[in-house]
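Where a number appears in this text, it was derived from the coordinates with a stated rule and is not lab data. If you're wondering where the values come from, they're calculated on a predicted model, not measured in any experiment. Note that each Cβ is placed from the backbone with ideal geometry, even for glycine, and that neighbours are counted across all protein chains shown.
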Amino acid sequence: MSSPPDFWEIFADALRSSARNRSWRAFFPWCLLLSVGVPVAAVVLLKQISSLTIGDDQSVTMLSSVAVVAGFLGSVSVATMTQVQRMVSEYPFSSYLKDENLFDQFLFWPQATLIFQIGLLLFSVLAAILVRIVPCINLNIYVVAVDVGLLIYVCTKTWNLIDLVRKLTWHYEDYNRLFKEFERRQKLGGPEDV
């Protein structure tokens, strides 16, 4: 009996696979930097135009709202994870995915997305606590901008997860069609190659 795959081994395998397709760009978090950089840059520009500040109460409200959205996205990931696990574990499709070294990858990405969402939730909560404890009204708007940027990033990862389910569903149905056709040909005594 084989042992279950380790999360970090699958993560390293996913990075290697991405590096084969995208070379050095696979290791550069351009989407994260863009998602966080744009809101922060917008705040810097708005502060030059006007005296834009956000009080502690407004900051805590915004950060709490992002935490609630992160929780909602987490529930989407858990539901998606259930759907992916159901589809991936059905034999003979599961055997095909294992032969192609894709089985673990399809189980990994919903978990990774959930980790991003939990990270956003924790960042939002900790930022809300820090905003209340440390009185620095000039930095509140930057903390909120970073939090909104992280929310944008997590939304893109959640969308990619939903797109992964769409692709998996397409491959699942295509595989089942080919498999049924193969079984039908075998019953009729035709060629075995599909």
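Points worth noting:
- Distance between modelled label sites at Trp159 and Ser17, nm, 7 Å Cα→Cβ extension: 2.2
- Rounded tilt (10° steps) of 56-88 against the dominant C-alpha axis of the chain: 0
- The stretch between Gln111 and Gln186, if pulled fully straight at 0.36 nm per residue, gains 23.1 nm over its current Cα-Cα span.
- The chain, helix-only ellipticity at 222 nm - DSSP H runs n ≥ 4, -39,500 (n - 2.57), divided by all residues, nearest 500: -29000 deg cm²/dmol
- Potential extension, Val78-Gln48 segment - 0.36 nm per residue separation minus Cα distance: 6.6 nm
- Helix 137-188 vs. the chain, principal-axis angle (Cα, 0 to 90°, nearest 10): 10
- FRET efficiency for the Phe179 to Glu9 pair, using the beta carbon distance and R₀ = 35 Å, is estimated at 0.75.
- Between helix 7-22 and the chain there is an angle of about 90 degrees, using the helix long axis and the longest principal axis of the Cα atoms.
- Along the range 30-46 the Karplus relation, 6.51 cos²θ - 1.76 cosθ + 1.60 evaluated at θ = phi - 60°, assigns HN-Hα couplings of 5, 5, 5, 5, 5, 4, 7, x, 5, x, 5, 5, 4, 5, 4, 5, 5 Hz to successive residues, with x for each Gly and Pro.
- Two-decimal Rg to Rh for the chain - Kirkwood Rh, Cα set: 1.14
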